[in-house]
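Peer 1: Starting off with a structure, shown below.
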Amino acid sequence: MLQLDPNAGIGTLIRELYLKPTGMSEEEAAQLCKLPVDEFVAILRGELPMNHMRALSLSRGFNTHISFFQSYISKPQGDS
């Protein structure tokens, strides 16, 4: 059974849940998600923040509910 750190980043989750089990390359996954390869790789590396359009592309490509990827969208911090 796969166990992931609950604090794992989106790149780790994509690799462990989608790429490794299927043997899919980053290039193939980017094409599946209809994202440029450099953008997909930057998401995996944590260099690009998740946004609604990226969440939608990933959810469509990996046939996963968008809320899974939306949970990685940073919330703006308000003044307290």
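Peer 1: For residues that are more than 11 Å from the chain's Cα centre (by Cα), modelled with pLDDT of 95 or more and in a helix (DSSP H, G or I), tally how many sit in the range 40-71.
Peer 2: Residues flagged as more than 11 Å from the chain's Cα centre (by Cα), modelled with pLDDT of 95 or more and in a helix (DSSP H, G or I) within the range 40-71 amount to 3.
Peer 1: Here is a further query. Going through the range 11-51 one residue at a time, which ones are surrounded by 15 or more Cβ atoms within 10 Å (Cβ to Cβ) and in contact with a Ser or Thr (Cβ under 7 Å, 6 or more places away or on another chain)?
Peer 2: 33, 35
Peer 1: Among (1) at pLDDT below 95; (2) in a helix (DSSP H, G or I); (3) hydroxyl-bearing (Ser, Thr, Tyr), which single condition is residue 74 missing?
Peer 2: (2)
Peer 1: Same structure, new question: Within the range 1-10, identify whether any single residue is at pLDDT 95 or above and buried (at least 17 other Cβ atoms within 10 Å of the Cβ), and answer yes or no. Before you say what the answer is, go through the steps one by one.
Peer 2: Taking the range 1-10 as the starting set, the residues that turn out to be at pLDDT 95 or above are none.
There is no residue in the range 1-10 that is at pLDDT 95 or above and buried (at least 17 other Cβ atoms within 10 Å of the Cβ).
Peer 1: Quick one: count up the residues across the range 1-36 that are part of a helix (DSSP H, G or I) and under 13 Å from the mean Cα position of the chain (by Cα). First the steps, then the outcome.
Peer 2: First, pick out the residues of the range 1-36 that are part of a helix (DSSP H, G or I): 10-22, 26-32.
Among the residues that remain, those that are also under 13 Å from the mean Cα position of the chain (by Cα) are: 10-19, 26, 29-30, 32.
Of the residues in the range 1-36, 14 are part of a helix (DSSP H, G or I) and under 13 Å from the mean Cα position of the chain (by Cα).
Peer 1: Among the residues of the range 34-53, how many are under 19 Å from residue 8 (Cβ atoms) and in contact (Cβ under 8 Å) with a residue 24 or more places away in the chain? Working first, answer last.
Peer 2: Here is the first cut: in the range 34-53, the ones under 19 Å from residue 8 (Cβ atoms) are 40-50.
Then keep just the ones that are in contact (Cβ under 8 Å) with a residue 24 or more places away in the chain; that gives 43-46, 49-50.
Number of matching residues: 6.
Peer 1: Would a scan of the range 58-69 turn up a residue that is closer than 22 Å to residue 7 by Cα, of a type in the set (S, T, N, Q) and surrounded by 12 or more Cβ atoms within 10 Å (Cβ to Cβ)? I'd like the intermediate steps shown before the answer.
Peer 2: Just the residues of the range 58-69 that are closer than 22 Å to residue 7 by Cα, to begin with: 58-59, 62, 64-69.
Checking the rest, the ones that are also of a type in the set (S, T, N, Q) come to 59, 64, 67.
Filter once more, keeping what is surrounded by 12 or more Cβ atoms within 10 Å (Cβ to Cβ): 59, 64.
Yes, the range 58-69 contains at least one residue that is closer than 22 Å to residue 7 by Cα, of a type in the set (S, T, N, Q) and surrounded by 12 or more Cβ atoms within 10 Å (Cβ to Cβ).
The values are calculated or read from the model by the stated rules, or taken from the named source; none is laboratory data. Everything numeric here is computed off the predicted structure, so don't read it as measured data. Quick reminder, even Gly has a Cβ in these numbers, built from the backbone with ideal geometry, and neighbours come from all protein chains shown.
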